[in-house]
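Each remark here refers to the structure printed beneath this line.
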2 protein chains.
Amino acid sequence: MKTNLTPKRELSAQIADRIRAAIIDGALKVDSRLPSEAELAESFGVSRPTVREALKRLAAKNLIRTQRGATGGAFVNRMTYREARDDQVTTSTLLLSMNDVSFEAACEARFALEVSCIALACARREDEDLAAMEAELVRQADETITDEAFCASDVAFHRAFVDAAKNPVLSYQLAGAVEAMQPLMNLITYTGRSRARILRRHRRLLTALTARDTAAVHDALDDLAAYTVKIAGEVEAAKAR
Amino acid sequence: MKTNLTPKRELSAQIADRIRAAIIDGALKVDSRLPSEAELAESFGVSRPTVREALKRLAAKNLIRTQRGATGGAFVNRMTYREARDDQVTTSTLLLSMNDVSFEAACEARFALEVSCIALACARREDEDLAAMEAELVRQADETITDEAFCASDVAFHRAFVDAAKNPVLSYQLAGAVEAMQPLMNLITYTGRSRARILRRHRRLLTALTARDTAAVHDALDDLAAYTVKIAGEVEAAKAR
DNA sequence: ACGTTCCCAAATGTCATACAATTGATCCGA
DNA sequence: TCGGATCAATTGTATGACATTTGGGAACGT
């Protein structure tokens, strides 16, 4: 972590890269303390503000946390599923909103990914998973909730389905894909009829999952994907008028 | 973006949050220029180093880019698939390495996710996709390459398969899952026999994709997943001795 | 000997200022 | 008109100082 810094790129970026590399290859272990800012500044031959900029870059990525006081300093942060997921959601959301990805493409990816946990979910789902999904269906049946609340419940329903696969890595990956879609889904106005149809398909999915019937879950998901794209198209057509 | 800053949290973090929120909700559009550091410092009532720490936090997340010179400044960055993917790979890699995720769980998630592009890949694969995969098989057949090179080619083969689905959102999501596994895969020593068996399964997958036979691709993937877990178990058992 | 209080040292957080480096724009001259 | 020197704006870096937080230890009293 001590080779010379080139004057080409920003020093703070190079220093951040060095420290990140040290964390990734295990030279700096979780919860270990980095040298103080003054020591880092001297060892890299730069000023303290430059070191601080480097540390802020790492803090922004949740790689380190800082603590003030006598025994304070910068510590290697244990990456949690929660932090990683939140990060991925905002990144995915921005990616979709900034690159005018078509609703169809995003929707296609989202439902395709969800297919990947069908087999595992059917094999491992427990009563509490079914209960969580059922609770969301109750919410969705309430016709007085807003479109945003309906969408949020939709997302929660699908996340509960994903969690039923009982694989945290899979949950983490899929949470990003599913939640990143929500802003796009929120653009859709849900009529009473479309809500009823979505609810019916959700119900069908839950029933199939309860029966551990992978083929039926697959059908329900495909059906839901097709209907989602369909009403998105209708909304867009209506907006064009 | 101008409400008062509380003295509780670090000022640079609060400022970064404000600007990030402005970007996410669209108040700051892609490629638009932020006020100069001096102007931001004055408008937030803080010093320039503090503003710079905030900007570095945003730069670390690829939300902005900075440019020196007369017409320079900080600009809202268009999030690219490439940047988002690289980010996700390092995050996923750290997540796996720091939380002692079992090889089985990670492997299960990885292959489950790959299943999601079978249908699309079979429907849309073009000759160039097949050629890219074939090229990797040639590399893997070379018995003189290192284990690391073999793993890298393995990853490239699967990425080519994913790309055949012709959905950038899907490619982005799966690239993270597939590439994040590479460090774990690198721990495995590939004997001549296991390489031959992996190669045979890869060949089988490619043949099925060429024929657009979804069921056969599915079988090949399942077979590959099972074999990967099996040799990982053997390697671990060997290490235990 | 024990507990409480107070003070201090170490570290991060913030500020002010200055200078260096870069880069597009402008002006001027041939 | 074109080319080049100059300029001004902006970010990058350095220096030094002070504020704030926080744990630990010394001093003190009981």
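The values are calculated or read from the model by the stated rules, or taken from the named source; none is laboratory data. Predicted model, so just to flag it, every value in this text is computed and none were measured. No Cβ is skipped: glycine too gets one built from the backbone with ideal geometry, and neighbour counts run over all protein chains shown.
If only residues of segment A:228-241 that are part of a helix (DSSP H, G or I) and without any contact (Cβ under 8 Å) to a residue 12 or more places away in the chain are counted, the one that is surrounded by the fewest Cβ atoms within 10 Å (Cβ to Cβ) is A:A240. Within segment B:164-174, restricting attention to residues that are part of a helix (DSSP H, G or I) and over 10 Å from the mean Cα position of the chain (by Cα), the residue that is farthest from the other protein chains (Cβ to nearest Cβ) is B:P168.
For B:D25, indicate whether it is exposed (fewer than 14 other Cβ atoms within 10 Å of the Cβ), away from DNA strand D (no atom under 14 Å from the Cβ) and at pLDDT below 95. Yes; evaluated as a whole, the condition is true for this residue.
Annotation: B:N99 fulfils all but one of (1) surrounded by fewer than 23 Cβ atoms within 10 Å (Cβ to Cβ); (2) within 16 Å of DNA strand D (Cβ to nearest atom); the unmet one is (2). Residue count for segment B:47-70, restricted to those that are within 8 Å of DNA strand C (Cβ to nearest atom), touching a residue at least 12 places away in the same chain (Cβ under 8 Å) and polar (S, T, N, Q): 1.
Considering every residue within segment B:218-227, establish whether at least one is surrounded by fewer than 17 Cβ atoms within 10 Å (Cβ to Cβ) and in contact with a Phe, Trp or Tyr (Cβ under 6 Å, 6 or more places away or on another chain). For segment B:218-227, residues surrounded by fewer than 17 Cβ atoms within 10 Å (Cβ to Cβ) and in contact with a Phe, Trp or Tyr (Cβ under 6 Å, 6 or more places away or on another chain): absent. Do you know which of the residues in segment A:51-80 that are farther than 16 Å from A:D17 by Cα and facing chain B (nearest Cβ under 7 Å) is farthest from DNA strand D (Cβ to nearest atom)? Across segment A:51-80, the extreme among qualifying residues is A:M79.
The lone criterion from (1) out of contact with any Lys or Arg (no Cβ under 7 Å at 6 or more places or on another chain); (2) facing another protein chain (nearest Cβ under 8 Å); (3) in contact (Cβ under 8 Å) with a residue 60 or more places away in the chain; (4) small (G, A, S) left unmet by A:A177 is number (1).
Among the numbered criteria (1) within 8 Å of chain A (Cβ to nearest Cβ); (2) modelled with pLDDT of 95 or more, which single criterion is violated by B:D87? Going through the list (1) within 8 Å of chain A (Cβ to nearest Cβ); (2) modelled with pLDDT of 95 or more, B:D87 breaks only (2).
Among the residues of segment A:183-212, those identified as in a helix (DSSP H, G or I) and within 13 Å of chain B (Cβ to nearest Cβ) are A:P183, A:L184. Inclusion of A:E114 among residues that are within 23 Å of B:S92 (Cα to Cα) and not basic (K, R) is warranted.
With the condition kept exactly as written, say whether any residue in segment A:110-127 is over 21 Å from B:R82 (Cα atoms), surrounded by 19 or more Cβ atoms within 10 Å (Cβ to Cβ), more than 8 Å from chain B (Cβ to nearest Cβ) and basic (K, R). There is at least one residue in segment A:110-127 that is over 21 Å from B:R82 (Cα atoms), surrounded by 19 or more Cβ atoms within 10 Å (Cβ to Cβ), more than 8 Å from chain B (Cβ to nearest Cβ) and basic (K, R).
To keep it simple, each residue is scored yes or no on (1) more than 20 Å from A:R82 (Cβ to Cβ); (2) surrounded by 18 or more Cβ atoms within 10 Å (Cβ to Cβ); (3) modelled with pLDDT of 90 or more.
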{"site": "A:L137", "(1), (2), (3)": "yes, no, yes"}
{"site": "A:A149", "(1), (2), (3)": "yes, no, yes"}
{"site": "A:V162", "(1), (2), (3)": "no, yes, yes"}
{"site": "A:A165", "(1), (2), (3)": "no, yes, yes"}
{"site": "A:G176", "(1), (2), (3)": "no, yes, no"}
{"site": "A:A180", "(1), (2), (3)": "no, yes, no"}
{"site": "A:N186", "(1), (2), (3)": "yes, no, no"}
{"site": "A:R193", "(1), (2), (3)": "yes, no, no"}
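Considering (1) within 10 Å of chain B (Cβ to nearest Cβ); (2) away from DNA strand C (no atom under 13 Å from the Cβ); (3) in contact (Cβ under 8 Å) with a residue 24 or more places away in the chain; (4) out of contact with any Phe, Trp or Tyr (no Cβ under 8 Å at 6 or more places or on another chain), the lone condition that A:F44 does not fulfil carries the number (1). Condition test on A:A220, is it more than 30 Å from A:T80 (Cα to Cα) and touching a Leu at 6+ places or on another chain (Cβ under 6 Å)? For A:A220, the condition - more than 30 Å from A:T80 (Cα to Cα) and touching a Leu at 6+ places or on another chain (Cβ under 6 Å) - is met. In segment A:90-109 there is no residue that is on the phi < 0 side of the Ramachandran plot, of a type outside the set (D, E) and more than 22 Å from the chain's Cα centre (by Cα). If you go through segment A:77-89 and pick out every residue that is within 12 Å of the chain's Cα centre (by Cα) and of a type in the set (A, V, I, L, M, F, W, C), you end up with 2.
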